[in-house]
Amino acid sequence: MGRTRAEGVARKGALVAALAAGVCLPAREAGAHCRTTTCRLPPNFQPTPGQCYPDNFASYCAGLDPPARILPVFWRNACVSYDIQRDASQQVPYAVAAQMFEVAFSKWTGTICSVATTADAGATAWGRVSIDVRDYGPVECNQVQFNTADTGQGNQHVIVFYDHDWPHGPDATDILGLTTISFDPDTGELFDADMEINATVPLSLGDPVPAKGYDFESIIAHETGHFLGMAHSGDMPATMIASYSQGSTWMRTLQGDDQAGICAIYHPDGNRAVAPGVAPDGLLMEDGCDPTPDHGFQSACGAASGGCAAAARAPAAVSTGAGAGLAGLATLGLAGWRRRRRRSAR
């Protein structure tokens, strides 16, 4: 079983190309978008324009214990669910959180993509990405976990707020959100995603955002991107950029880089872009819409179990110093892996 935890706002990603040795390396498309893969990035690596991964990424992943393949992650199901923990936050009541997360996810699932047509060479059609996200309602569970088949218990894709003690990092303002995913390390298929929101900082729910405030809409626009398989972008501006500047709101709106990324994963015709070793032509058709979590839905936490687990930290908070205009940045991103080698029937 594989697990990945994301720090800050969104998830990481990249398209892949097969190598002769059987290892897949991410390859850049025309856009600068990055996809989360089944191999964690080195702790100190920061994406830059045109580069999602370090030059030595293949050897780095091969040297991990256990070694990790480099496969882009994806939801095969045509739809997936999420659940907000019923207590939500003192700053963000449940009803407000539910409405704002619905909007955040719809920014991604409502993306319209260009599609080349075969009937008329050179013509372009348009279609919406082939992924939907549905709110399964409030749940009791307030933990990030994944119950495997041997527990006999179900799951939930939970969103949890921390109002008092943020458990990730010595400085509570370093990391604004974390998204943790579970996936099949042999294919990249996602089985589970859980999100943690840092509510120990002053979250702003509307306009104007105070100069020292943290725009909740920006944070969750980023984190929902991670939920769907997007990684940190090296391009500015992009919703999936790794750092947020207090008082800003521009991350609320998906940019061309973000839109190209989600279109590259979930083609309008229902295909998912996968590693060539997973499907011969690098395309795998979606399963029908069933938002039920792996092993069934349950509201309460379970006795989670898992095989191998790994954790990786996203870059620490970024401060470019006075005069650069971006001082006081907080990390938004992805930082943990849960790997699951065999998938039981639902």
For the residue pair THR48 and VAL103, what label-to-label distance in nm results when each label sits 7 Å from Cα along the Cα-to-beta-carbon direction?
3.7
List the residues, sorted by chain then number, that are 5 or more residues from ILE241 or on another chain and whose placed amide H is less than 5 Å from its amide H.
SER233
Under 5 Å between amide H atoms, partner at least 5 residues away or on a different chain: which partners does SER204 have, H built in plane at 1.01 Å?
TYR214, ASP215, PHE216
Protection-proxy order for peptides 266-279, 127-140, each taking the mean of Cβ atoms within 10 Å per residue, highest first
266-279, 127-140
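Can you tally the net charge around SER130? Count Lys and Arg as +1, Asp and Glu as -1, for every other residue whose Cβ sits under 12 Å from the Cβ of SER130. Display every interim value, and only then the final one.
Details: positive: ARG76, ARG128, ARG272; negative: ASP132, ASP269, GLU286, ASP287.
Net of charged neighbours comes to -1.
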Radius 12 Å from Cβ of GLU286, net charge of other residues (Lys, Arg +1; Asp, Glu -1)
-3
Applying the Karplus parametrisation 6.51 cos²θ - 1.76 cosθ + 1.60 with θ = phi - 60° to the phi angles of segment 107-112, what ³J(HN,Hα) value in whole Hz is obtained for each residue in order, glycine and proline being reported as x?
4, 7, 6, x, 5, 9
If each of SER114 and GLN298 carries a label point 7 Å out from its Cα toward its Cβ, how far apart are those two points in nm?
4.9
Residue-by-residue Karplus 3J(HN,Hα) for segment 243-248, coefficients 6.51, -1.76, 1.60, Hz, glycine and proline x
10, 10, 9, 3, x, 8
Separation between the HIS164 and ASP55 pseudo-spin-labels, each 7 Å from Cα along Cα→Cβ, expressed in nm?
5.0
Hey, can you grab everything whose amide H is under 5 Å from the amide H of MET230? Only 5+ residues off in sequence or another chain; H modelled, so Pro and N-termini drop out.
ARG11, THR36
Work out the length of the dipole vector of segment 47-156 about its Cα centre, built from +1 on the beta-carbon of each Lys and Arg and -1 on the beta-carbon of each Asp and Glu, and round it to the nearest 20 debye.
220
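Since every read-out is calculated from the coordinates, none of them should be taken as a lab result. Just so it is clear, the structure is predicted and the values come from calculations on it, not from any experiment. So basically every Cβ, Gly included, is an ideal-geometry build from the backbone, and we count neighbours across all protein chains shown.
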